[in-house]
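Every number here is computed from the coordinates shown, using simple stated rules; none is lab data. Worth saying up front: this structure is predicted, and the values here are computed from it rather than measured. Using ideal geometry, Cβ is built from the backbone for each residue, glycine included, and neighbour counts are taken over all protein chains shown.
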Amino acid sequence: MSEQLDLHHPLVVELPQYRDAIHALKSSDAHFRKLFDEYHTVDREIVRIEGEIEPASDERTRQLKLRRAHLKDELNAKLAAWKP
């Protein structure tokens, strides 16, 4: 189980400087919330694959990791532009 935690990339850990902005935007911006939820869904799927709980091809794993990176970049841009 601890190995799975090491594989997990929650947004507040990946972007700790935006903790307050993440909370505010999740509550006030439906598009941000959708991206945030998708990021965590994709991240959980990657953890399940890398933890050998769920089988997946190398290509599927690569696609998921690319999607997670894209979502993180998009979320990061929204967070950087956030004004309290």
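Remarks
- In the set (1) 1.37; (2) 0.95; (3) 1.15, the label that goes with Cα Rg over 2.2 N^0.38 Å computed for this structure is (3).
- Only Lys, Arg, Asp and Glu carry charge here, each on its Cβ (+1 for the first two, -1 for the last two); on that basis the chain has a dipole of about 440 debye about its Cα centre.
- Short-range pairs are left out: with C-alpha atoms under 8 Å and at least six residues apart, the relative contact order of the chain is 37 percent.
- Each Lys or Arg adds one and each Asp or Glu subtracts one; over the other residues with Cβ under 13 Å from the Cβ of LYS83, this totals -1.
- Close lysine pairs were tallied over the chain: pairs 8 or more places apart or on different chains with Cα atoms under 17 Å apart number 6.
- By the helix-only formula, in which each DSSP H run with n ≥ 4 contributes -39500 (n - 2.57) and the sum is divided by residues, the chain has a 222 nm mean residue ellipticity of -24500 deg cm²/dmol.
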